[in-house]
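Chemist: What follows is a single structure, and I will ask about it in a moment.
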Amino acid sequence: MDTSGPVPPTRRLSTGEREQAIDRSAPVLPPALEIDENNYFENNAPPEYLDELARQCEEFVKMHGTGRIVLVTSGGTTVPLENQTVRFIDNFSAGTRGATSAEYFLENGYAVIFLHRQFSLLPYSRHYSHSTNCFLDFMEENDGQVVVSQQYQQQMRTVLRKYRAAKDRNQLLLLPFTTINQYLHTLRTVSVILQSAGPRALFYLAAAVSDFFIPPSRIPEHKIQSKAGGNKLIMDLDPVPKFLNRLVERWAPGAMIISFKLETDSEILISKARQALERYSHQLVIGNLLQTRKNEIVFVEPEVPETWIRLSDEQIKDGTEIESLIIPATIERHTAWIEQSK
Ligand SMILES: CC(C)(COP(=O)(O)O)[C@@H](O)C(=O)NCCC(=O)N[C@@H](CSSC[C@H](N)C(=O)O)C(=O)O
C-alpha cells in the first residue's frame with residue numbers, strides 16, 4: 001500500500017478519462033490450479049472458528065444422511081485494507097437472492113447450509129428486517145400487551161409457522177462470513193464435508209464474491225494514516241484465485257454445482273456465463289443483471305440454448321418472487337443430476 005510521495009506517471013489521476021481507468025488488456029486469469037489453491041490457503045490463515053464450524057457442519061450433514069442438501073451462499077464478501085480492519089472494500093448484495101432461495105429450498109424438503117454475510121438477510125426474518133420492513137411497525141400495544149397488529153396476523157403466522165417448522169426439523173444451518181478469506185476457507189471446508197452426500201449435494205453460489213484482494217505480504221497492520229494536506233491512497237490488489245474449478249474438480253466432485261454470473265451490461269451476460277461454464281465445467285450458470293435481477297434471470301447450461309425466466313407484469317404486481325420460479329426449475333435439474341449419477 002503506497003500512501004506517500006508523488007503519483008508515478010503510470011498511475012491514473014483522478015482527472016483521467018473513465019474508459020482508461022481500468023487496464024482491460026490484463027490477461028484473463030486461468031482457473032486456479034492445485035498450486036494456486038495450496039499457495040492461497042497456506043498464505044492466508046483460516047478463521048479461528050473454522051474447526052467449530054466444521055464440527056457443526058459434519059453433525060448437520062450426518063443428521064440429513066439420506067436426503068437432499070443444498071449449500072446456499074449469500075451476501076457480499078469484504079476485502080480488508082488493514083489487518084486491524086478500519087476500512088474495507090465491500091461487495092454489494094443485501095442477501096435477498098440467497099435468503100429467498102433458501103426458503104424455497106426448505107419448503108421443498110432440502111436441508112440448507114446457509115453460508116451468508118454476517119448481518120445480511122436471513123430466510124424468514126428477511127420479511128421483517130431491522131431496516132426495510134421494521135418488525136416494530138407490525139406490532140401494537142393492547143391493554144398493556146404487545147401484540148402483532150390484526151392486519152398482519154395472517155402474513156406473520158404463515159412466516160412464523162414455516163420458520164418454526166424448519167427449526168423443529170433442524171433443517172437450516174447458518175454459517176457466517178465477512179471477508180473473502182473467511183468465505184473461501186469456509187467454502188472449501190464445507191465442500192469437502194459434503195463429499196459424503198455425493199450427487200444429493202447441491203451448490204447454489206449466490207454470494208457476491210470479491211475478485212481482488214490484498215495479500216498478507218502487502219496489507220498494513222494498522223489503520224492507514226491520511227496526512228495533513230492530503231496524500232493519495234494507491235491500492236495494489238491481487239486477483240482472487242478462481243476457485244470454482246477446484247470446487248468442481250476436487251472439493252465436491254460428485255455434487256451438482258450452480259454459480260451465478262452478475263453483469264451490468266446485457267450485451268455480455270450470456271457470453272460471460274457460457275465462458276464460466278466452459279472454464280469450470282459445472283452444470284448451470286444463472287445469469288442476472290444488477291438492474292433487473294429481481295424480475296428476470298437466465299439459465300445457461302451446456303449444449304442447450306439459454307432459457308430466460310421472467311416475471312410477467314401481473315406477477316410483479318402481485319408480488320411474486322422470482323425465486324419461486326427459479327427453485328422448482330433448479331430442483332428439476334438436480335433430480336435429473338441424481339438420476340444420471342446412479
Ligand atoms: C448478488 C446477486 C446479484 C443477488 O443480489 P442480492 O439479492 O441483492 O443479494 C446474485 O444473484 C448473484 O449474481 N450472485 C453472484 C455474484 C458473483 O459474484 N458472481 C461471480 C461468479 S461466482 S464467484 C467465483 C469467483 N469469482 C471465481 O470465478 O472463482 C461473478 O459474477 O464473477
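The values are calculated or read from the model by the stated rules, or taken from the named source; none is laboratory data. Given the structure is predicted, the values throughout are model-derived calculations rather than measurements. Cβ atoms come from the backbone with ideal geometry, glycine included; neighbour counts cover every protein chain shown.
Chemist: Which ones in segment 253-276 are basic (Lys, Arg) and either within 10 Å of the ligand (Cβ to nearest atom) or closer than 16 Å to THR330 by Cα (or both)? Before the answer, list the steps.
Modeler: Looking only at segment 253-276, we keep the residues that are basic (Lys, Arg), and these are 261, 272, 274.
Passing the criteria: LYS261, LYS272.
Chemist: Let me ask another. Within segment 7-17, identify whether any single residue is at pLDDT 95 or above, touching a strand residue (DSSP E or B) at 6+ places or on another chain (Cβ under 7 Å) and not β-branched (Val, Ile, Thr), and answer yes or no. It would help to see each step written out before you state the result.
Modeler: Step one: of segment 7-17, the residues at pLDDT 95 or above are none.
Within segment 7-17, not a single residue is at pLDDT 95 or above, touching a strand residue (DSSP E or B) at 6+ places or on another chain (Cβ under 7 Å) and not β-branched (Val, Ile, Thr).
Chemist: Okay, next question. If the requirement is being more than 13 Å from the ligand (Cβ to nearest atom), surrounded by 13 or more Cβ atoms within 10 Å (Cβ to Cβ) and at pLDDT below 95, which of these qualifies: ARG250, ARG246, ARG279, ARG310?
Modeler: Working: ARG246 fails: more than 13 Å from the ligand (Cβ to nearest atom); ARG279 fails: more than 13 Å from the ligand (Cβ to nearest atom); ARG310 fails: at pLDDT below 95.
After applying the criteria, what remains is ARG250.
Chemist: Only one of these conditions is not met by SER93: (1) within 14 Å of the ligand (Cβ to nearest atom); (2) in contact (Cβ under 8 Å) with a residue 60 or more places away in the chain; (3) out of contact with any helix residue (DSSP H, G or I) (no Cβ under 8 Å at 6 or more places or on another chain); (4) farther than 16 Å from PHE260 by Cα. Which number is it?
Modeler: (4)
Chemist: Now for a separate question. Just checking, does segment 294-305 include any residue being within 10 Å of the ligand (Cβ to nearest atom), of a type in the set (A, V, I, L, M, F, W, C) and surrounded by 14 or more Cβ atoms within 10 Å (Cβ to Cβ)? Walk me through it before giving the result.
Modeler: Here is the first cut: in segment 294-305, the residues within 10 Å of the ligand (Cβ to nearest atom) are 294, 297.
Okay, now just the ones that are also of a type in the set (A, V, I, L, M, F, W, C), so 297.
Filter again for surrounded by 14 or more Cβ atoms within 10 Å (Cβ to Cβ), leaving 297.
Yes; the residues of segment 294-305 include at least one that is within 10 Å of the ligand (Cβ to nearest atom), of a type in the set (A, V, I, L, M, F, W, C) and surrounded by 14 or more Cβ atoms within 10 Å (Cβ to Cβ).
Chemist: Follow-up question, since we're still on this one. Given the condition within 16 Å of the ligand (Cβ to nearest atom), closer than 18 Å to PRO123 by Cβ and assigned to a helix (DSSP H, G or I), answer yes or no: does some residue in segment 72-81 qualify?
Modeler: Taking segment 72-81 first, the residues within 16 Å of the ligand (Cβ to nearest atom) are 72-79.
Narrowing further to those that are closer than 18 Å to PRO123 by Cβ: 72-76.
From the residues that got through so far, the ones that are assigned to a helix (DSSP H, G or I) too are none.
Within segment 72-81, none of the residues are within 16 Å of the ligand (Cβ to nearest atom), closer than 18 Å to PRO123 by Cβ and assigned to a helix (DSSP H, G or I).
Chemist: Select, from GLU278, GLU323, GLU314, the only residue that is in contact with a helix residue (DSSP H, G or I) (Cβ under 9 Å, 6 or more places away or on another chain) and either within 30 Å of THR66 (Cα to Cα) or not β-branched (Val, Ile, Thr) (or both).
Modeler: Going through GLU278, GLU323, GLU314 in turn, the sole match is GLU323.
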